[in-house]
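Each value in this text was obtained by applying a stated rule to the coordinates, not by laboratory testing. This one's a predicted model, so the numbers in the text were calculated from it and none came from an experiment. All Cβ positions, glycine included, derive from the backbone under ideal geometry; neighbour counts span all protein chains shown.
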Amino acid sequence: MIRVKLTRPQRERDYRIAEAFKALRTNVQFCGVENKIIMLTSSIPGEGKTSTSFNLAASLAEIGKKVVFVDADMRKSNLIKRYMVDKNVKGLSQFLSGQNSISDVLCETSIPNLHMIFAGAVPPNPAELLNGSVFEKLIHSMKKLYDYVIIDTPPLGSVTDAAVVSRVCDGVIFVCAAGEVKRKFVQDIVQQITATGVKLLGVVLSKAENGGRGYYNKYYGKYYGK
């Protein structure tokens, strides 16, 4: 297993944002112990889906839960750049295509209890890789080893990858940016989620005014459990 150091942006270390993710973590725990494999998606890029996914995983790890974060956004991931990972790591695409073993792509991070599988090189066929038996077996094996498997997926309003991933998940959290997406489009995405048969655990309303001033106060606002 590879060990990587993660450098989190200052905004994610802000006290108010940390408290928002503690609240999200609590809501996830109250969803029940049977919901171990949780994917996050959104309508469009830029709604805070990846930051929400990662910080939820980190927040669960901080209370002693054994967590693996899987970056299944193989089309346009920026996790390595965002968290300034100090190594050239292989990822999910290389594992699913048979180029690397799980020990080559599973990373122990500088956050205790948190392991990660990065997206890897951009493949020509991400949906096909996610729809294969190798991915399904990977996630089910992770479920036996970890308390939570948190999966970041591409926006469902752009591509179908999230719908493909949902077949192996216990539940989904939908991230929606306040004031950036039309209600009808959000309703259509929610219908797509429910049509897959996966349980909608709740909605995170990001970029919501939450009192106070500035970016830190508004970026992560509310969580609506279902």
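Any residue in the range 152-162 that is closer than 21 Å to GLY91 by Cα, part of a helix (DSSP H, G or I), of a type in the set (Gly, Ala, Ser) and in contact (Cβ under 8 Å) with a residue 12 or more places away in the chain? Show your work before the answer.
Keep residues of the range 152-162 that are closer than 21 Å to GLY91 by Cα, which gives 152-155, 159-162.
Applying the additional criterion that residues be part of a helix (DSSP H, G or I) yields 161-162.
Narrowing further to those that are of a type in the set (Gly, Ala, Ser): 162.
Checking which are in contact (Cβ under 8 Å) with a residue 12 or more places away in the chain leaves us with 162.
Yes: the range 152-162 contains one or more residues that are closer than 21 Å to GLY91 by Cα, part of a helix (DSSP H, G or I), of a type in the set (Gly, Ala, Ser) and in contact (Cβ under 8 Å) with a residue 12 or more places away in the chain.
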### Query
Which members of the range 136-170 meet the condition of being under 19 Å from GLY64 (Cα atoms), surrounded by 15 or more Cβ atoms within 10 Å (Cβ to Cβ) and among the charged types (D, E, K, R)?
LYS143, ASP147
### Task
Give the residues of the range 180-210 that are over 21 Å from PHE30 (Cα atoms) and among the polar types (S, T, N, Q), sorted by residue number.
GLN187, GLN191, GLN192, THR196, ASN210
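Quick test for you: out of VAL168, VAL181, VAL203, pick the one residue that is under 27 Å from GLY91 (Cβ atoms) and not hydroxyl-bearing (Ser, Thr, Tyr).
After applying the criteria, what remains is VAL168.
Residue-wise test of (1) surrounded by fewer than 21 Cβ atoms within 10 Å (Cβ to Cβ); (2) closer than 20 Å to ALA127 by Cβ; (3) in contact (Cβ under 8 Å) with a residue 12 or more places away in the chain; (4) not acidic (Asp, Glu).
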site: LYS49; (1), (2), (3), (4): no, yes, yes, yes
site: ALA58; (1), (2), (3), (4): no, no, yes, yes
site: LYS66; (1), (2), (3), (4): yes, no, yes, yes
site: ASP71; (1), (2), (3), (4): no, yes, yes, no
### Query
Here are some conditions: (1) crowded, with 17+ Cβ neighbours inside 10 Å; (2) hydrophobic (A, V, I, L, M, F, W, C); (3) out of contact with any Gly (no Cβ under 8 Å at 6 or more places or on another chain). CYS31 meets all but one. Which one does it not meet?
(3)
### Message
Quick check on the range 27-47: of everything there that is in a strand (DSSP E or B) and in contact with a strand residue (DSSP E or B) (Cβ under 6 Å, 6 or more places away or on another chain), which residue is farthest from ILE173 (Cα to Cα)?
### Response
ILE37
